[in-house]
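The values are calculated or read from the model by the stated rules, or taken from the named source; none is laboratory data. Since we're looking at a predicted model, the values are computed, not measured. Cβ sites come from the backbone with ideal geometry, for glycine too, and all protein chains shown count toward neighbours. Heads up: the accessible areas ignore ligands, DNA and RNA and are worked out on the full protein's heavy atoms, side chains in. Shrake-Rupley method; radii C 1.70, N 1.55, O 1.52, S 1.80 Å.
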Amino acid sequence: MSTPTDALQRLRRVHEDAVLSALRSAGGLSRAQLTERTGLSRTTMFAIVSGLLERGVVIETEGSAAEPRGRGRPAALVSLNPDAGLLLGLDLGRNRVRLAVANAAHQVVATASADLPEEAGPEEEAESAVRLVRAAAAERGLSLGALEAIGLGLVGVVDEHLPPVPLGGERSAVVPARYLPLARRLGEEFGVRLAVDNNARLAALAEATWGVARPVRDMVYVRWSVGVGGGFLAGGRLMRGAHGAGGELGHVCLDPEGPPCHCGSRGCLEGHIGGRGLLERCAAQGVRLPALDALVAAAQDRVPAVCEIVASAAADLGRVLAGTVTQLDPALVVVGGELAGLGSLVLDPIREAITERSLPRSSREIAVVPADLGVNASAMGAIALLLHEEPSIPAHLRPDVP
Ligand SMILES: [Zn+2]
């Protein structure tokens, strides 16, 4: 539930964004110029600038002749602090690692990616990730000494009940065993705070922070790719669930008698409409395709059998989403991943299935839209994770969890 404090924080962030965006486009501005450009009241603007100065996000320099004030000293100019803390988002996918770097003004200043070697082990993954960070920093002239924190997106469940792993100093992180070498390596190499979450959930958070779901507080995000993942935003907050598995749409059971799934269940949505399932169904229709990007290309070329299979899979996804929509009542359903790039071929059947099968509501038709942020969404979401607010219940009021 939204509290007055939440509302105030949101408002403050909106004002901060307005000030930062004016500084990004104009460089240095005096407080008077900022007041004029943002339309904020003088008092609000002064409070916002003081807060940003305190956090080191902006700096103040001697004014120039650009704004003569008659008698007296020229006004001080406020500008973005180029040396302030960088935030790094890393997204470790099944066969690729991606990164995004944001500056103190929360502006993404670099993105990069590297393929992971086939069958890469955890140590090799860790090395690839560190190499990618160093190479991207060198190429963009970013000082890793200014790195303040790392957000890390992973495949699978990040269970907050796992014991935190020490990373040196007072730092620690909760990381699934598979990724311990990576967490330790990042701790050793960069010595900063590490925050970890599932990468589909992070893509949802990124869409809500920078993308298509930005004005929305209740949203269902699904990533349809080789795997099928998801993330739910309720009341402006990302739902992690009690065990870090909130939003795992791919493991909703479609068919209790279906083939076994790697999660231990049977007949999961992911097995049915995930990349491998789609390729198998195409092959059964005589269309052999080597990988998901070839399947997407074939659908774009309107190969009839492929289009039919994709559209029918989209309707299956829509039926699962109809249940989610009935239960969560979101304002928006966002579809990301490679399959979302097929536009109306997938979005229409999803929308139809939701409209047909979810609880009728006043607006009747729910907005189903493609994601905005493309392949870097999870790396950007890892940055958003670092910016995200503290849990809503103050620590001293939270019951002890054994
Ligand atoms: Zn499953």
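Only residues that are over 16 Å from R94 (Cβ atoms), assigned to a helix (DSSP H, G or I) and either among the aliphatic types (A, V, I, L, M) or touching a residue at least 12 places away in the same chain (Cβ under 8 Å) (or both) were counted in the range 259-294, giving 8. A search for C-beta distances below 6 Å between a residue of the range 172-186 that is within 18 Å of E119 (Cβ to Cβ) and touching a residue at least 12 places away in the same chain (Cβ under 8 Å) and any residue that is among the hydrophobic types (A, V, I, L, M, F, W, C) and in a helix (DSSP H, G or I), counting only pairs 6+ apart in sequence or on different chains, returns P181/A126; L182/A126.
Results for (1) open to solvent by less than 20 Å² (accessible area, probe 1.4 Å); (2) more than 21 Å from M239 (Cα to Cα); (3) modelled with pLDDT of 95 or more, shown as yes or no for each residue.
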residue	(1), (2), (3)
A313	yes, yes, yes
L342	yes, yes, yes
A371	no, no, yes
V375	no, yes, no
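Taking the range 139-185 only, how many residues are closer than 26 Å to V108 by Cα and open to solvent by 80 Å² or more (accessible area, probe 1.4 Å)? The number of residues fulfilling the criteria is 4. The residue pairs whose first member lies in the range 334-361 and is within 15 Å of I309 (Cα to Cα), whose second member is among the aromatic types (F, W, Y), and whose beta carbons are closer than 8 Å, counting only pairs six or more residues apart or on different chains, are L339/W224; A340/W224; V346/W224. Pick from the range 226-264 the residues that are exposed (fewer than 14 other Cβ atoms within 10 Å of the Cβ) and of a type in the set (D, E): which of them is farthest from V158 (Cα to Cα)? Across the range 226-264, the extreme among qualifying residues is E257.
Annotation note: of G318, G336, G381, the sole residue that is under 16 Å from M239 (Cα atoms), out of contact with any His (no Cβ under 7 Å at 6 or more places or on another chain) and surrounded by 24 or more Cβ atoms within 10 Å (Cβ to Cβ) is G381. Of all the criteria given as (1) out of contact with any helix residue (DSSP H, G or I) (no Cβ under 7 Å at 6 or more places or on another chain); (2) among the basic types (K, R); (3) away from the ligand (no atom under 16 Å from the Cβ), the one not satisfied by R276 is (3). Just one residue in the set A203, A129 is within 27 Å of V220 (Cα to Cα) and in a helix (DSSP H, G or I); that residue is A203.
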